[in-house]
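The values are calculated or read from the model by the stated rules, or taken from the named source; none is laboratory data. Values in this document were obtained by computation on a predicted structure and should not be read as measured data. Every residue, glycine among them, receives a Cβ derived from its backbone with ideal geometry; neighbour counts consider all protein chains shown.
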Amino acid sequence: MEKWNEICFLISEHKNNNAKEDFFQLEIEHIFEKVLGWSRFKKEIITKERTKVGASNSVVPGIIIRNADNNLIVIEVKRPNISIDNHQKQLFSYMRLHKVQFGLLIGDKIQFFYETPNDTKPPKLISEITFTPDN
């Protein structure tokens with residue numbers, strides 16, 4: 001519970017200060033590294049990696065969590081004081097492009113999605129969590 005309360009504290013600080021998306025993403029990266037134990041050094045946290053789409057286009061998902069050579073989770077970060085509900089399609093696109101089953105959309109809350117492999121339906125919302133201490 002202490003780690004969750006620390007995360008809630010860090011998020012609320014950014015929400016109260018109307019943080020910009022890039023600055024907020026740095027805090028999310030910090031949370032994954034320092035609080036949750038993923039490593040940038042081991043290349044488990046990949047940020048803003050440009051991925052080519054077609055001959056002349058590219059996309060840049062916020063964060064990809066990896067284990068060895070496998071992408072595990074795509075994370076798209078939005079400002080902490082705006083609703084993230086309108087940004088799901090962007091996350092779904094990144095999930096399919098990187099062939100991952102799990103995606104997180106983080107902003108005013110966390111939405112956790114799962115996509116069944118080889119399914120044409122959109123990923124399913126598994127959990128929605130508000131940043132409430134002791135939750």
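One residue stands out among those in the range 120-135 that are β-branched (Val, Ile, Thr) and more than 17 Å from Leu97 (Cα to Cα): the one that is modelled with the lowest pLDDT, which is Thr132.
Within the range 61-81, can you find the residues that are among the hydrophobic types (A, V, I, L, M, F, W, C) and in contact with a Phe, Trp or Tyr (Cβ under 9 Å, 6 or more places away or on another chain)?
Step one: list which residues in the range 61-81 are among the hydrophobic types (A, V, I, L, M, F, W, C), which gives 63-65, 68, 72-75, 77.
Ile63, Ile64, Ile65, Leu72, Ile73, Val74, Ile75, Val77 - these are the residues of the range 61-81 that are among the hydrophobic types (A, V, I, L, M, F, W, C) and in contact with a Phe, Trp or Tyr (Cβ under 9 Å, 6 or more places away or on another chain).
Taking the listed residues Thr116, Thr120, Thr130, the one that is closer than 20 Å to Ala19 by Cα, among the hydroxyl-bearing types (Ser, Thr, Tyr) and without any contact (Cβ under 8 Å) to a residue 24 or more places away in the chain is Thr130, with no other qualifying. Apart from one condition, Arg96 fits all of (1) at pLDDT 85 or above; (2) in contact with a strand residue (DSSP E or B) (Cβ under 8 Å, 6 or more places away or on another chain); (3) among the basic types (Lys, Arg); the exception is (2).
Within the range 105-119, can you find the residues that are within 14 Å of Asn71 (Cβ to Cβ) and either out of contact with any strand residue (DSSP E or B) (no Cβ under 9 Å at 6 or more places or on another chain) or at pLDDT 95 or above (or both)? The answer is Pro117, and nothing else. When Ile75, Ile106, Ile63, Ile82 are checked against the criterion of being without any contact (Cβ under 8 Å) to a residue 40 or more places away in the chain and surrounded by 16 or more Cβ atoms within 10 Å (Cβ to Cβ), Ile63 stands alone in meeting it. All of Glu44, Glu29 fail the test of being modelled with pLDDT of 85 or more, touching a helix residue (DSSP H, G or I) at 6+ places or on another chain (Cβ under 9 Å) and surrounded by 15 or more Cβ atoms within 10 Å (Cβ to Cβ), apart from Glu44. Assess whether Asn17 counts as being surrounded by fewer than 17 Cβ atoms within 10 Å (Cβ to Cβ) and at pLDDT below 80. Taking the combined requirement at face value, the residue satisfies it.
On the given criteria, is Leu91 touching a His at 6+ places or on another chain (Cβ under 9 Å), under 20 Å from Ser127 (Cβ atoms), surrounded by 16 or more Cβ atoms within 10 Å (Cβ to Cβ) and not small (Gly, Ala, Ser)? Spelling it out, it is not the case that Leu91 is touching a His at 6+ places or on another chain (Cβ under 9 Å), under 20 Å from Ser127 (Cβ atoms), surrounded by 16 or more Cβ atoms within 10 Å (Cβ to Cβ) and not small (Gly, Ala, Ser).
Taking the stated definitions as given, is Ile73 in contact with a Pro (Cβ under 7 Å, 6 or more places away or on another chain) and β-branched (Val, Ile, Thr)? It is false that Ile73 is in contact with a Pro (Cβ under 7 Å, 6 or more places away or on another chain) and β-branched (Val, Ile, Thr).
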